[in-house]
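Note sheet for the following structure.
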Amino acid sequence: MKHYVINGGGMVGAAAALALSRAGNRVTVVDAQAQPAPGEHWDLRISSVNQNHWQWLLELGVGETIDWHKVQPYQQLSVTTQTGDELSFSAADADLEQLGVMVENNSLQAALWQCAEADSRIRLTAATRIEQFHLTQQRLQLSGGETLDYDVLIGADGAQSAVARAAAIGYRGWDYGQRCLLANVKLQRPIAATTWEVFRPQGPYALLPLGDSEACLIDYRSNSDIKALSQNADTLQRALQETFAAHIGDFELLRYASFALQRKHALRYHRGETLVLMGDAAHTIHPLAGQGVNLGFADVRCYLACDGDVGRYQRERARDVQRTMRAMDLIHWGFRSQNPLCQLGLKAAFRGLSSTWLKQQVIDFAMQKVE
């Protein structure tokens, strides 16, 4: 039995704790934030979890603890190009009941914590920071004065990872020069359980269904455009109505926020056999296909499948993450391009992807299945 210390008790860190405990290990989770406490209404932080990883999370026990009002299954997704060409993927294309779920981050994290609290091999320490890293001695000094010894330290502490910084692990990446606006709205008419995305030169806009009466609207634009729109709720409401009303009818703006789009990839996923990075601590990608947290869950599952072989873990995850990053960049730049040759290429690709077999390959790629 090994003792794992996980810095970061978010969705990826908490899922890692449960999975490592199931494998017979002792786990301590250290999280700087207070224990998650979801509110009554949908928060803006929402993740699309594909069916492959959602089934794994259910196997970890979240189905018994999660607030199912904050879980919205979806059966179909569609993409529309600037020229109006549309491509749809359905659960039926992959012989599935659903492609995945939209789930509120806070609710999923809280459900994972409840599962962990019931596990005698897991210790949760909220509102606590690691003040000092003694990596050679495999020892940590916590903000409350406690000393922790560990066999393996996992950094699941986000894009500004303190674990990566302590291990002197650098990153390669860039800023896309855009922001992603998220807006939760109350609908006046029901909508289908379909997530969709429409591309345009300034960036795509998309919809995530949150039940019959709510949705999350997503709008990608330049930093300056998003900041200008976000300064006034009435201005933002008018801009969103102009973009989305033709698709979903009238709606009421409930809450909104935005974040900058960045691409970061750790130069290494581990330091020896005693320190490992997972989730956003290892990689952050463009969110347009909702792959971020799914990559983090794939990290956890791959690490367990590698049975402590950190070299194999890095090779397999770096390969898969780089492949996904390249795919996201191709979509980001290619679908925004106004070059006629690029647009003709997209038309040809969409015609080719009308094949059920090819759709199955795309869905399998997006599901990030771990061998």
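At-a-glance table
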item	result
Angle in degrees between helix 233-248 and the longest Cα principal axis of the chain, rounded to the nearest 10	70
Cβ-based charge dipole, the chain, positive-most Cα from ILE6, ILE154, LEU267	LEU267
For the chain, share of DSSP beta bridges that run antiparallel, in % to the nearest 5	75
Lys, Arg +1 and Asp, Glu -1 on Cβ, resulting dipole of region 104-224 about Cα centre, debye, nearest 20	400
Distance histogram for region 241-312 (every C-alpha pair counted, 10 angstrom bins, percent rounded to whole numbers)	16, 34, 22, 15, 11, 3
Amide hydrogen neighbours beyond the local backbone of LEU254, cut-off 5 Å, H modeled	ASN184, VAL185, LYS186
Residues HIS134, HIS3 arranged by fewest to most Cβ contacts within 10 Å	HIS134, HIS3
Calculated Rg/Rh (Cα atoms, Kirkwood Rh) (choose from (1) 0.97; (2) 1.00; (3) 1.08), label	(1)
Rounded Å value of the spacing that divides the Cα centres of region 224-269 and region 273-299	23
Vicinal HN-Hα couplings computed from phi for region 184-189 (Karplus, 6.51 cos²θ - 1.76 cosθ + 1.60; Hz; Gly/Pro x)	8, 10, 9, 8, 9, 9
Between 0 and 90°, nearest 10: helix 340-352 axis offset from the chain longest Cα axis	80
3J(HN,Hα) from dihedral phi, region 155-169, Karplus parametrisation 6.51/-1.76/1.60, rounded to Hz, x for glycine, proline	x, 10, 10, x, 5, 9, 4, 5, 5, 4, 5, 5, 8, 6, 8
CD proxy at 222 nm, helix term only [per DSSP H run n ≥ 4: -39500 (n - 2.57); per residue of the chain; nearest 500]	-11000 deg cm²/dmol
Span per principal axis, largest first, for the Cα atoms of region 66-148 (Å)	59, 32, 21
Contact order relative to length of the chain, as percent, for alpha carbon pairs under 8 angstrom and 6 or more apart	20
Note, ³J(HN,Hα) from phi for region 16-31, Karplus 6.51, -1.76, 1.60, rounded to Hz, x at Gly and Pro	4, 4, 5, 5, 5, 5, 4, 7, x, 9, 9, 9, 10, 9, 10, 9
Amide H contacts under 5 Å for ARG221, placed H, 5+ residues apart	ARG179, LEU181
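Every number here is computed from the coordinates shown, using simple stated rules; none is lab data. Quantities reported herein were computed from a predicted structural model and do not represent experimental measurements. Cβ atoms come from the backbone with ideal geometry, glycine included; neighbour counts cover every protein chain shown.
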